[in-house]
Amino acid sequence: MYQIPAWRYWLVGIVLAVGLLFALPNIFGEEPAIQVSRQDRGSMDAGGEERILGLLEASEIHHTASYIEADRLVVRFASVDEQIRARDAIQDAAPGEYIVALTSDSRSPGWVRWLGLKPMALGLDLRGGVHFMYEVDMPAAIEQTLQRLAQDIRNQLRRERVQYQSVNVRGETVEVLLRPGASVDVARKLIKGDDPGITLTESQVDGATQLVASLTPDRIKQRQDLAIEQNVTTLRNRINELGVSEPIVARQGLDRIVVQLPGVQDPNQAIRVLGATATVEFRLVDEVNNPYEAVQSKRVPIGSKLYMTREGQPVLLKREIIASGDQLTDATSGFSEGRPAVHVTLDSRAGQAMLKATTENLGRRMAVVYTETKRIEEGDRCQGTRSGNQCTQEEVISVATIQGVFSNRFQITGLMAAEANELALLLRAGSLATPIFLVEQRTVGPTLGQDNIRAGMIALVIGAVLTFAFLAVYYRGFGLVANLVLICNVILLAAVMSLLQASLTLPGIAGIVLTIGMASDANILIYERIREELRAGNSPHAAIQAGFEKAFSAIADANITTLIAGIALFAFGTGPIKGFAVTLVLGIFTSLFTAIVCSRVFIDAIWGRRRQLKTLPV
Amino acid sequence: MEFFKRTPNIDFIGKRHYTYIATAILLIASIVLVAVRGLNLGIDFTGGVVVEVSYPGVANLDQARGALEAAGFSDAQVQSFGSSRDLMVRVMTPEGEDVNKVGARIADALRAAEPQVVVRRTEVVGPQVGRDLTEQGGLALLFTFIGILIYVAFRFEKKMATGTVLAAVHDPILILGFFAATQMTFDLSVLAAILAVIGYSINDSVVIFDRVREVLLGTRKNISTKDMLNLAVNQTLSRTVMTSFSTLFVVVALYLFGGETLKGFSAAIIVGVIVGTYSSIFIAAALAYDFKLKPQDLLVVKKSDPELDALP
């Protein structure tokens with residue numbers, strides 16, 4: 001007779017107890033809640049909580065629970081109606097003070113939250129919300145860098161009086177054509193400097209020396225990373241303005257950014273705020289030349305550029321930019337003399353440029369150019385300038401006479417109230433340095449999310465009941481043990497998912513359902529082995545022992561092959577599919593543990609200790 | 001209860017020519033179906049727009065089609081989705097407009113005809129993303145096959161590995177044939193299902209080959225290759241059938257109750273479990289036999305890692 005060591009009992013007991021504890025938060029369900037955070041991004045304290053709850057009481061809105069979590073106040077309600085009313089009440093009573101996000105939160109009691117236990121995180125397809133994928137325009141990022149480099153080179157050569165014919169960006173290089181006789185060595189030194197990110201090659205073109213500067217792969221990679229990081233930060237800021245609870249903004253692959261906004265139902269508003277790479281430029285109006293003449297002759301005077309106003313009037317603007325969007329430090333919408341306006345604050349450098357420009361051009365006009373970049377497909381019409389598959393629309397949104405000298409604080413007028421709001425929002429959140437394009441968009445309504453959860457759970461329960469019944473009929477007493485093992489497996493899987501806070505998606509639920517079916521395999525392998533051993537005339541104890549031992553290599557091999565497929569899915573899958581891979585892979589580990597370790601302990605506890613064991617119910 | 005009171009004794013290897021012919025017919029039929037009818041690829045792969053809407057009462061497909069045509073979506077596919085109240089509208093790569101606004105325009109068009117329409121889901125996938133997802137799906141398939149090939153070759157033997165992987169290549173082809181025949185939408189989740197099926201099918205073959213090795217090491221007599229393989233398939237038959245049943249139970253439950261979104265996924269796994277079980281029983285071992293697997297091939301291979309085996 002063989003008995004398994006006592007520590008196995010302890011191991012199984014402890015793992016199951018811990019598993020139960022971690023899986024526990026999932027049984028309480030969720031209810032509607034609001035997350036209140038302060039507009040100034042300070043943390044919520046007990047005073048703030050009292051104030052909010054006071055506001056709610058005054059409006060006779062009843063809440064079921066409230067607590068502070070990660071600098072935010074969470075207030076739960078029994079119904080969605082109360083949730084919405086609560087949000088409106090707070091926004092009406094204290095406008096601009098708080099950001100209120102609609103969400104739902106676990107109904108788990110205080111001590112569960114105090115232990116830091118959380119239910120499984122639900123993916124967007126179960127919670128409802130929007131998913132966006134943006135592509136960062138990397139060629140544009142590199143082009144910007146090269147343009148800046150070219151401008152630098154021109155300035156340097158001019159300052160050091162090195163004569164050149166041209167400095168041009170061509171492809172991924174900057175070509176510098178020197179005049180014959182100019183000092184090549186000085187030019188080299190000026191262009192290259194001590195910058196390890198630039199490589200220089202030299203050639204002769206029609207007797208003149210041409211230097212070609214290109215960026216090293218390291219420098220290009222660095223620039224691309226910067227472009228992504230800048231955009232991720234900007235998107236995060238913009239999302240904060242939208243007031244969404246638990247948003248996700250993450251880099252994906254080389255040039256993509258994924259944004260997930262749970263609970264958001266109108267993707268278009270989110271797209272407008274997040275997606276448009278809007279920026280503004282402040283330019284002086286060319287007062288010398290006649291814009292109508294330029295339209296007729298199709299000849300734009302040197303140093304100027306032709307624009308159209310919103311009303312369709314042509315206007316000539318100087319090419320020099322006084323200040324641009326990335327130099328804005330703040331922008332708020334409000335009213336100026338009864339008309340909607342955006343109050344703008346610039347950084348000090350742009351402020352100085354503005355001071356100089358307004359001093360020199362008092363009484364002349366200045367224009368605000370609004371530039372919007374979007375992606376278009378082949379065959380699409382572009383109402384602005386087209387370059388590859390990107391369409392840039394430029395529009396003069398205001399032309400105003402410079403009424404006084406100002407530097408870093410002023411107002412833009414001439415907008416509708418809604419436009420002023422939106423422009424201010426975009427400006428305040430910062431301008432996007434490199435254009436991004438929306439390439440994928442998925443929206444799931446909240447009712448669909450609920451339906452998905454319900455359907456998934458029904459399938460899980462029915463599938464489990466069928467399997468349990470089948471195993472019990474086929475393997476009798478051992479089948480019941482297998483059922484217990486499968487239940488332990490689901491509990492452990494839920495515990496691990498809750499612990500890791502990996503998102504549960506609908507395919508993820510399918511993965512759990514599938515795991516039940518596939519996890520029975522390990523039990524089946526063992527029981528079939530025990531039956532074989534019994535048929536071969538072995539004693540029940542020996543049969544159990546041999547059954548577990550001999551089935552092990554088959555179980556291990558079989559699970560490793562599924563694991564390989566699961567890892568491939570995880571590595572190459574995205575979104576909901578990744579959720580499937582997660583449950584599949586985690587399910588392999590939990591089912592290995594439960595089928596091999598737990599079931600051995602259960603069987604040992606029931607049959608292993610009986611001295612007179614003639615038959616096994618297998 | 002037992003399906004097989006004692007170990008069955010079916011001559012799988014001897015009858016392999018029949019199953020080869022049956023398999024060849026199925027494979028050719030699948031390939032022809034895929035080539036002729038093609039797959040009804042979802043927007044995950046083609047790019048495009050899908051809008052799922054819910055009506056207060058029974059949805060009127062003709063009215064919806066009319067409304068969409070009036071709004072300029074003449075090539076929109078409209079079909080009921082799950083229940084009689086739900087509709088799915090699919091538009092392939094729309095031309096001449098911002099792809100991201102199409103979803104809203106479709107919803108507006110439907111609302112104009114029936115104001116109480118509720119949008120349940122919108123998906124917009126750009127063509128570039130579609131291409132990338134296709135590429136990543138292909139890479140995932142490739143990675144899975146190569147990974148499993150290496151593992152099985154390392155754990156067992158080259159001829160067995162080839163048999164296993166060929167049997168597993170067979171399964172996705174038949175699933176593709178099934179999707180071409182039924183014209184169910186082939187999307188990313190179906191691809192995920194196929195990968196899971198590959199893992200599953202190989203799992204079955206691996207259990208059989210695991211038994212082959214054991215038969216050989218256990219009997220230690222001059223057993224013929226044919227008997228060795230037959231014995232292994234027969235001895236594991238009960239387990240193979242049982243596991244297929246338990247998996248089928250859950251995926252059928254998933255197909256029937258898991259909602260419309262998981263229909264394609266669960267259908268792929270149902271088909272996959274059936275053909276996977278078939279290929280593991282009838283093809284994997286037979287192929288190893290035809291690759292002239294010899295008992296000696298296995299004896300040279302070291303026994304599995306002793307540490308791994310000592311664990312339970």
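Surrounded by fewer than 24 Cβ atoms within 10 Å (Cβ to Cβ) and within 14 Å of chain A (Cβ to nearest Cβ), is that true of B:GLY272? Don't jump to the end; show me each part of the working.
Working: surrounded by fewer than 24 Cβ atoms within 10 Å (Cβ to Cβ): no; within 14 Å of chain A (Cβ to nearest Cβ): yes.
Criteria not met by B:GLY272.
Scan segment A:60-69 and tell me whether some residue there is in contact with a strand residue (DSSP E or B) (Cβ under 8 Å, 6 or more places away or on another chain) and crowded, with 21+ Cβ neighbours inside 10 Å.
No: zero hits.
Any chance segment A:105-124 includes a residue that's within 25 Å of A:SER503 (Cβ to Cβ), within 26 Å of the chain's Cα centre (by Cα) and among the hydroxyl-bearing types (Ser, Thr, Tyr)?
Looking for residues that are within 25 Å of A:SER503 (Cβ to Cβ), within 26 Å of the chain's Cα centre (by Cα) and among the hydroxyl-bearing types (Ser, Thr, Tyr), one finds at least one in segment A:105-124, hence yes.
Name every residue in segment A:447-460 that is over 27 Å from A:VAL232 (Cβ atoms), crowded, with 17+ Cβ neighbours inside 10 Å and more than 7 Å from chain B (Cβ to nearest Cβ), in order of residue number.
From segment A:447-460, those over 27 Å from A:VAL232 (Cβ atoms) are A:447-448, A:450-460; that's our starting set.
Going one step further and asking which of them are crowded, with 17+ Cβ neighbours inside 10 Å, we end up with A:448, A:451-453, A:455-456, A:459-460.
The answer is A:ILE453, A:LEU460.
Can you pull out the helices (runs of 4 or more DSSP H) entirely within segment B:1-110 that have at least 2 residues that are out of contact with any strand residue (DSSP E or B) (no Cβ under 7 Å at 6 or more places or on another chain)? Steps first, please.
Numbers: elements: B:16-36, B:43-46, B:61-70.
Once the helices (runs of 4 or more DSSP H) in segment B:1-110 are filtered for at least 2 residues that are out of contact with any strand residue (DSSP E or B) (no Cβ under 7 Å at 6 or more places or on another chain), what remains is B:16-36, B:61-70.
Take segment A:362-383 and flag every residue that is surrounded by 14 or more Cβ atoms within 10 Å (Cβ to Cβ) and modelled with pLDDT of 70 or more.
Here is the first cut: in segment A:362-383, the ones surrounded by 14 or more Cβ atoms within 10 Å (Cβ to Cβ) are A:364-377, A:380, A:382.
Those that are surrounded by 14 or more Cβ atoms within 10 Å (Cβ to Cβ) and modelled with pLDDT of 70 or more: A:ARG364, A:ARG365, A:MET366, A:ALA367, A:VAL368, A:VAL369, A:TYR370, A:THR371.
Take the residues of segment A:496-517 that are surrounded by fewer than 24 Cβ atoms within 10 Å (Cβ to Cβ) and among the small types (Gly, Ala, Ser): which is modelled with the highest pLDDT?
My answer is A:SER498.
Which of the following residues is away from chain A (no Cβ under 14 Å), over 28 Å from B:ARG131 (Cβ atoms) and crowded, with 18+ Cβ neighbours inside 10 Å: B:ALA70, B:ALA29, B:ALA59? Full working, then the answer.
Working: B:ALA70 fails: crowded, with 18+ Cβ neighbours inside 10 Å; B:ALA29 fails: crowded, with 18+ Cβ neighbours inside 10 Å.
Unique residue meeting the criteria: B:ALA59.
The rows are residues; the columns are (1) in contact with a helix residue (DSSP H, G or I) (Cβ under 9 Å, 6 or more places away or on another chain); (2) modelled with pLDDT under 85; (3) closer than 19 Å to A:GLU440 by Cβ.
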{"position": "A:GLY207", "(1), (2), (3)": "no, yes, no"}
{"position": "A:VAL212", "(1), (2), (3)": "no, no, no"}
{"position": "A:ILE220", "(1), (2), (3)": "yes, no, no"}
{"position": "A:ASP225", "(1), (2), (3)": "no, yes, no"}
{"position": "A:GLU246", "(1), (2), (3)": "no, yes, no"}
{"position": "A:ALA250", "(1), (2), (3)": "yes, no, yes"}
{"position": "A:GLY253", "(1), (2), (3)": "yes, yes, yes"}
{"position": "A:GLN265", "(1), (2), (3)": "yes, yes, yes"}
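Any chance you could count how many residues in segment B:85-103 are modelled with pLDDT under 85 and either among the polar types (S, T, N, Q) or under 23 Å from A:ASN452 (Cα atoms) (or both)?
Residues meeting the conditions: 3.
Just need a number here: residues in segment A:400-415 that are of a type in the set (A, V, I, L, M), at pLDDT 80 or above and under 20 Å from A:PRO340 (Cα atoms). Walk me through how you get there before you give the answer.
Start the filter on segment A:400-415 by keeping residues that are of a type in the set (A, V, I, L, M), which leaves A:400, A:402, A:405, A:412, A:415.
In the following step, the residues that additionally are at pLDDT 80 or above were identified as A:402, A:405.
Applying the additional criterion that residues be under 20 Å from A:PRO340 (Cα atoms) yields A:402.
Residues flagged as of a type in the set (A, V, I, L, M), at pLDDT 80 or above and under 20 Å from A:PRO340 (Cα atoms) within segment A:400-415 amount to 1.
Conditions: (1) surrounded by fewer than 24 Cβ atoms within 10 Å (Cβ to Cβ); (2) modelled with pLDDT of 90 or more; (3) at the interface with chain B (Cβ under 7 Å from one of its Cβ atoms). A:GLY463 meets all but one. Number of the miss?
The single condition A:GLY463 does not satisfy is (1).
Consider B:SER238 carefully, then state whether it is small (Gly, Ala, Ser) and over 15 Å from A:GLY517 (Cα atoms). Show your work before the answer.
Working: small (Gly, Ala, Ser): yes; over 15 Å from A:GLY517 (Cα atoms): yes.
In short, yes.
Of all residues in segment A:521-573, which are under 30 Å from A:HIS131 (Cβ atoms) and surrounded by fewer than 21 Cβ atoms within 10 Å (Cβ to Cβ)? Give the steps one after another, and end with the answer.
The first filter runs over segment A:521-573 and keeps only residues under 30 Å from A:HIS131 (Cβ atoms), leaving A:562-573.
Those that are under 30 Å from A:HIS131 (Cβ atoms) and surrounded by fewer than 21 Cβ atoms within 10 Å (Cβ to Cβ): A:LEU563, A:ILE567, A:PHE570, A:ALA571.
When you go through A:LEU500, A:LEU480 one by one, which is the residue that is more than 10 Å from every other protein chain (Cβ to nearest Cβ) and within 30 Å of the chain's Cα centre (by Cα)?
Values: A:LEU480 fails: within 30 Å of the chain's Cα centre (by Cα).
It is A:LEU500.
Return the residues of segment A:561-599 that are of a type in the set (S, T, N, Q) and at the interface with chain B (Cβ under 8 Å from one of its Cβ atoms); say none if nothing qualifies. Before you say what the answer is, go through the steps one by one.
The initial filter retains those residues of segment A:561-599 that are of a type in the set (S, T, N, Q), namely A:561-562, A:574, A:583, A:590-591, A:594, A:599.
Listed by number, the residues that qualify are A:THR561, A:THR562, A:THR574.
Here's the yes/no breakdown for (1) in a loop (DSSP other than H, G, I, E, B); (2) touching a residue at least 60 places away in the same chain (Cβ under 8 Å); (3) in contact with a strand residue (DSSP E or B) (Cβ under 8 Å, 6 or more places away or on another chain):
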| residue | (1), (2), (3) |
| --- | --- |
| A:THR515 | no, yes, no |
| A:LEU525 | no, no, no |
| A:GLU528 | no, no, no |
| A:ASN538 | yes, no, no |
| A:ALA551 | no, no, no |
| A:ILE555 | no, no, no |
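Per-residue answers, yes or no, for (1) within 11 Å of chain A (Cβ to nearest Cβ); (2) in contact (Cβ under 8 Å) with a residue 24 or more places away in the chain:
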{"residue": "B:GLY126", "(1), (2)": "yes, yes"}
{"residue": "B:GLU135", "(1), (2)": "yes, no"}
{"residue": "B:LEU141", "(1), (2)": "yes, yes"}
{"residue": "B:HIS170", "(1), (2)": "no, yes"}
{"residue": "B:ILE173", "(1), (2)": "no, yes"}
{"residue": "B:LEU188", "(1), (2)": "yes, yes"}
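Look at B:LEU256 and say whether it is surrounded by fewer than 19 Cβ atoms within 10 Å (Cβ to Cβ) and either modelled with pLDDT of 90 or more or within 7 Å of chain A (Cβ to nearest Cβ) (or both). Talk me through it step by step, then tell me what you get.
Numbers: surrounded by fewer than 19 Cβ atoms within 10 Å (Cβ to Cβ): yes; either modelled with pLDDT of 90 or more or within 7 Å of chain A (Cβ to nearest Cβ) (or both): yes.
Criteria met by B:LEU256.
Out of all the residues in segment A:284-303, which are within 19 Å of A:ALA353 (Cα to Cα) and not in a loop (DSSP other than H, G, I, E, B)?
In the first step, residues of segment A:284-303 are kept if they are within 19 Å of A:ALA353 (Cα to Cα); the result is A:284-286, A:303.
Listed by number, the residues that qualify are A:LEU284, A:VAL285.
Here is a check on your reading of the model: is B:ALA285 more than 30 Å from B:THR46 (Cβ to Cβ), in contact with a Phe, Trp or Tyr (Cβ under 7 Å, 6 or more places away or on another chain) and surrounded by 24 or more Cβ atoms within 10 Å (Cβ to Cβ)?
Working: more than 30 Å from B:THR46 (Cβ to Cβ): yes; in contact with a Phe, Trp or Tyr (Cβ under 7 Å, 6 or more places away or on another chain): yes; surrounded by 24 or more Cβ atoms within 10 Å (Cβ to Cβ): yes.
Answer is yes for this residue.
The values are calculated or read from the model by the stated rules, or taken from the named source; none is laboratory data. Bear in mind that the values here come from a model prediction, so they are computed numbers and not experimental data. As a convention, Cβ positions derive from the backbone with ideal geometry for all residues, glycine included, and neighbour counts pool all protein chains shown.
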